[in-house]
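One structure below.
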Amino acid sequence: MGSHSFERSITPFENREALLDDYTPNTLVGRDDELDEYHEALEPVIYGEQPNNVFLYGKAGVGKTAATRYLLRNLEEDAEQYPDLTLSTAYINCDGFETSYRVGVALVNALRPPQDHIPESGYSKSEVYAKLWQDLDSRGGIILIVLDEVDHINQGEDSILYQLSRARENENLQNARVGVIGISNDLTFRDRLSPKVRSSLCERTISFPHYDANELREVLKQRANVAFKDDALTDDVIPKCAALGAQASGDARHALDLLLTAGDIARGNNEGVVQEEHVEEALERVEKKEIEEGISDLNDHERYILYALATLSAEGKTPVRSREIYPRYQHVCSLAGRDEHTGRWLRDHLDELGMLGILSLTEKNEGLAGGKYREYDLQQDLGLVVTALEETLDSIGVHESLSSYYNGK
Ligand SMILES: Nc1ncnc2c1ncn2[C@@H]1O[C@H](COP(=O)(O)OP(=O)(O)OP(=O)(O)O)[C@@H](O)[C@H]1O
């Protein structure tokens, strides 16, 4: 048995924290056009004018949150030179807040010191709103409210988006001027909003495209300069992480995570230099973590879809069309003793799982004879998916096609 004592030893890191998700670099590389547009949308703030409401969208890890942190930090610093300008910012991640009520409470609390926080239940929605307008108005000046992952707010429960983005016109506020910055990974969210909410929330819409491998190299180089000691990376490490990040839909988080994990693996082996093999080992760990996280966020029926697709994959039948998945999904529902959703529901959710990177979809066009359709397959290794679905398999039973992949109880 190895020793479990902790001692400092060989490490490739100079400042490991520079690779963590919440680190904001001093400059953002590869996002010039987006930053220009974003900067222009925020420009009125520095004149003390009513800010534009801004809506940012783009897939995971393309720098939406990083660009927001970076520009708001600059804006706050630059605002200090104008004594007549009062600027406050509030950041809310809407993950877990499905209703306007809960977002309202979170916002009130974000603007108050901890001792004055209000509880998550007990007030009516109009009471929460009243407190919010009062708090915003007594603060006054310009208040920028960032609603990250805004698509987590349920449709039909999104009155707060309209209320906030039209607060002054609706005479909820007299003194304060509020600007809302909505951020979303879900490319369909904007289209799902009611026209009224859309036109006020999305006054300026900025789309963030995915990074290509060259841009990711620049992102990684910049962070590696801070994070690692001189000569702690062999030359192939950054290009490798960048290429893998570009494959993972141009996701900077994935690329940075690979670099961090490769560094951790090297340090764990008592090696001071990170090499390509470490990145390969890191890839397995990072993919495993990502799929586990992705699957753990799914609800029961979404897991049944994945279960159904996993059995078809194990039988060598993938890629498949949704109408071939449907009977298998029905079968999984019957194993679970649950009523199935409709074929239409299945198609919508297959596309959603595709967007999350949990499964892959390919558009097919067979012309006049066959028409257009989509085919689906697992995006990740079957063994990984089965492991991540373990809880579901434990509770409803293991389909025979998966028994060799399953090593649960
Ligand atoms: N241009 C960039 N320069 C340096 N770091 C970047 C850049 N773009 C993204 N990053 C880093 O990549 C990670 C993911 O970026 P970010 O959180 O901004 O993604 P996002 O588009 O907001 O996606 P999500 O919605 O998943 O949070 C963060 O650690 C961020 O600092």
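For the reader, a short list of remarks on this structure follows.
- The criterion of being among the hydrophobic types (A, V, I, L, M, F, W, C) and more than 25 Å from T65 (Cβ to Cβ) does not hold for L298.
One line per residue, one yes/no per condition, for (1) modelled with pLDDT of 95 or more; (2) within 17 Å of the chain's Cα centre (by Cα); (3) under 30 Å from G397 (Cβ atoms); (4) acidic (D, E):
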position: I238; (1), (2), (3), (4): yes, no, no, no
position: I265; (1), (2), (3), (4): yes, no, no, no
position: E276; (1), (2), (3), (4): yes, no, no, yes
position: E281; (1), (2), (3), (4): yes, no, no, yes
position: R285; (1), (2), (3), (4): no, no, yes, no
position: D297; (1), (2), (3), (4): no, yes, yes, yes
position: E302; (1), (2), (3), (4): no, no, yes, yes
position: L312; (1), (2), (3), (4): yes, no, yes, no
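- First in region 170-186 and in contact (Cβ under 8 Å) with a residue 60 or more places away in the chain, second anywhere and open to solvent by 60 Å² or more (accessible area, probe 1.4 Å), Cβ under 7 Å, 6 or more apart: R177/Q50; R177/R168; S184/Y57; N185/K59
- Selection within region 314-359 - of a type in the set (K, R), over 29 Å from the mean Cα position of the chain (by Cα) and outside any helix (DSSP H, G or I): K317, R338
- Test result for D212, more than 16 Å from the ligand (Cβ to nearest atom) and among the acidic types (D, E): no
- Being over 25 Å from G354 (Cβ atoms) and in a helix (DSSP H, G or I) is true of A262.
- Looking only at region 365-394, residues that are touching a Phe, Trp or Tyr at 6+ places or on another chain (Cβ under 9 Å), surrounded by fewer than 13 Cβ atoms within 10 Å (Cβ to Cβ) and not in a loop (DSSP other than H, G, I, E, B) come to 1 in all.
- Neighbours by Cβ (under 7 Å, 6+ apart or cross-chain): first from region 12-36, of a type in the set (D, E, K, R); second open to solvent by 60 Å² or more (accessible area, probe 1.4 Å): E14/K229; E17/Y23; D21/R253
The values are calculated or read from the model by the stated rules, or taken from the named source; none is laboratory data. Since the model is a prediction, treat every value here as computed from it, not as a measurement. As a convention, Cβ positions derive from the backbone with ideal geometry for all residues, glycine included, and neighbour counts pool all protein chains shown. Each accessible area value is taken on the protein alone, full model and side chains, heavy atoms only, with ligands, DNA and RNA left out. Shrake-Rupley method; radii C 1.70, N 1.55, O 1.52, S 1.80 Å.
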